[in-house]
Amino acid sequence: MDLAEILERCHAGDELAWEVLVRQYQSRICAIAYTYVGNAEEARDLAQEIFVRVYRRLNSCRDARGFQAWLVQIARNACIDHLRRRKARPPAQDIPVEKLHHLAAPGPDPEEEWVRDARKRLVFRALQTLSKINREIILLKDMQGLALEEIARTLDLPLGTVKSRTNRARIELAKAVNELSSGGAAAAS
Amino acid sequence: MDCRDWEELLDDYLAGKLPPPRQRAVEEHLAACSGCRELLDTVRGNLDSLQTPAPEDLTGAILARTSGPTCPRAEERLCDLVSGALAAGEAQLVRAHLEHCRRCQALVVTLRWLLPELREMGELQPDPAFTAEVLRATAPLRRRVERRAAWRAHRRGLAAWWRRQLLRPRFALEVAYMATVLIVALFGTPISPLQGSAPRALAVVQATPGSLGQALAGAYAELSPRIGELGRDAWQVSGAHLTGALHSLEADLAARGTRAAPALQALRAEARSSGEALLDGELVQTIAHLRGAGRALERAWQDWRGRAAGAAAPAREANPRVDENSDQESRDG
């Protein structure tokens, strides 16, 4: 069954079609949420919230061709809202000063179940060192495979800027990976 | 081939310009003739000895004094080189740069595995319970969507029925018949609810302005006590809350030392008077007090706005040099 038919059935309230849609896109949504928040448990809750938002607004997406970009846009907005809330929320308990830097730059958990692969962990750490805009371009272009026009619409940037930034962001990421891996090798030796 | 022929072909052989049959003939002669082999080794040795290796940093020094470092230009093309989107000429130039630049070589190596890795990282499979949890979270919404879908289907059916009716030739006759029956039922029977309203409406339309005024005055006299009664009930319910809110607002403003407090006191007095007039059923006075309250509110607003300007003025008087400096800056700017 193609996406257009699944969407049509979802609009008609078909529960099974909705389940198929969730299963089809849940791994992408989880990856987006994880890239933004960098914590598995938080990303899982956030992914659930994203699907609730998607379900509420499903009627506003009638075109199957633009569905993925629409979905990514909703996921991105939800992630930004979540980060904003997290920033505004005071910590629940007193935190020692020496641990405060973990809050400022949350990194992946070394025992992370989702990211066991060492190479993926290295790339994820390198992604955290990029600027916000470069990280989002990598996420949307190379991880989610959106077209440049869709990225420009999502990020509200001119198409030319997105084009020129894409390669630059990749080079920045490759440099960060090389630096981190050489740093890691030096530390290991 | 003898040794003289071989010597004539030596230059082309060294330059790799011989056609394959001649090349084979030369190599066969070399295999058989030790003298020519020695000559070839000597010549090769001499040529190699002429190629003195340049210092490693020479290229970098020349580039630094001419076009500048070329790594940034190469970096712009590395992604296209890796994805195979670079034109042949450009690719050749970038590869030539890569032969001598270890940093860019390392970037190319990383980019080759990084891009497929990123595509894989675009998906993170959650645990099996995740889908069930999402479906549970959207279940209440799903019922609403189902109701909405059912209503949409019903509406579509109704619209289709209406379009079919419109296309029937007898539709206009049927509508005229139904309208006549309705009018007779409403106005024409002894038990109809609106019997006699048509002549009364006609009398109102034909009435002179004086009699219309009398009719309005009568209606006002009749309505006024009822409105007063309604107002009293409303005041009993909300008056205490309203007064309390005004008190707290006034106290808050007074605590801040605003000049709007007197105007707000007037606003409160007008509001109280309008409430009392409403309770007495005096609509004209109620309206007059409400107008007064509006004026008091406007005064309060102006006072409130004037406070900010008033607060800035003493600061300027106290430190005139600040303004001078800012004027100077704005002129410089």
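Among the residues of the range B:121-133, are any more than 30 Å from A:HIS11 (Cα to Cα) and either within 14 Å of another protein chain (Cβ to nearest Cβ) or aliphatic (A, V, I, L, M) (or both)?
Within the range B:121-133, the first condition is being more than 30 Å from A:HIS11 (Cα to Cα), and the residues that meet it are B:121.
If we keep only those that are either within 14 Å of another protein chain (Cβ to nearest Cβ) or aliphatic (A, V, I, L, M) (or both) as well, we get B:121.
Checking the range B:121-133: at least one residue is more than 30 Å from A:HIS11 (Cα to Cα) and either within 14 Å of another protein chain (Cβ to nearest Cβ) or aliphatic (A, V, I, L, M) (or both).
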Practice task
Tell me, yes or no, whether the range A:125-136 has at least one residue that is under 23 Å from A:SER27 (Cα atoms), touching a residue at least 40 places away in the same chain (Cβ under 8 Å), part of a helix (DSSP H, G or I) and among the acidic types (Asp, Glu).
Solution key: yes
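Out of all the residues in the range A:17-41, which are open to solvent by 30 Å² or more (accessible area, probe 1.4 Å) and at pLDDT 90 or above? Steps first, please.
Step one: list which residues in the range A:17-41 are open to solvent by 30 Å² or more (accessible area, probe 1.4 Å), which gives A:19-20, A:23-24, A:28, A:36, A:39, A:41.
Within the range A:17-41, A:GLU19, A:VAL20, A:ARG23, A:GLN24, A:ARG28, A:TYR36 meet the criteria.
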Exercise for the section: Determine if the range A:70-92 includes at least one residue that is at the interface with chain B (Cβ under 10 Å from one of its Cβ atoms), open to solvent by less than 20 Å² (accessible area, probe 1.4 Å), without any contact (Cβ under 8 Å) to a residue 40 or more places away in the chain and in a helix (DSSP H, G or I). Expected result: no
Completion exercise
Given (1) away from every other protein chain (no Cβ under 14 Å); (2) modelled with pLDDT of 90 or more, B:LEU111 misses just (1)
Practice task
Only residues that are modelled with pLDDT under 70, open to solvent by 90 Å² or more (accessible area, probe 1.4 Å) and either under 22 Å from B:SER274 (Cα atoms) or β-branched (Val, Ile, Thr) (or both): list them for the range B:205-229, please.
Solution key: B:VAL205
Practice task
Pick out the one residue from B:GLU117, B:GLU90 that is acidic (Asp, Glu) and more than 19 Å from A:TYR34 (Cβ to Cβ).
Solution key: B:GLU90
Problem - Residue count for the range B:13-44, restricted to those that are part of a helix (DSSP H, G or I), surrounded by 12 or more Cβ atoms within 10 Å (Cβ to Cβ) and in contact with a helix residue (DSSP H, G or I) (Cβ under 8 Å, 6 or more places away or on another chain) - result: 12
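Quick grid of which residues meet (1) open to solvent by less than 80 Å² (accessible area, probe 1.4 Å); (2) at pLDDT 70 or above; (3) touching a helix residue (DSSP H, G or I) at 6+ places or on another chain (Cβ under 8 Å):
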residue: B:ASP233; (1), (2), (3): no, yes, no
residue: B:GLY244; (1), (2), (3): yes, yes, no
residue: B:ALA254; (1), (2), (3): yes, no, yes
residue: B:ALA263; (1), (2), (3): yes, yes, yes
residue: B:ALA300; (1), (2), (3): yes, yes, yes
residue: B:ARG316; (1), (2), (3): no, no, yes
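The values are calculated or read from the model by the stated rules, or taken from the named source; none is laboratory data. Just so you know, these numbers come straight off a predicted model, no measurement behind them. Virtual Cβ from ideal backbone geometry, glycine too; neighbours counted across all protein chains shown. Just so you know, the surface numbers come from the protein's heavy atoms only, side chains and all, with ligands and any DNA or RNA stripped out. Shrake-Rupley method; radii C 1.70, N 1.55, O 1.52, S 1.80 Å.
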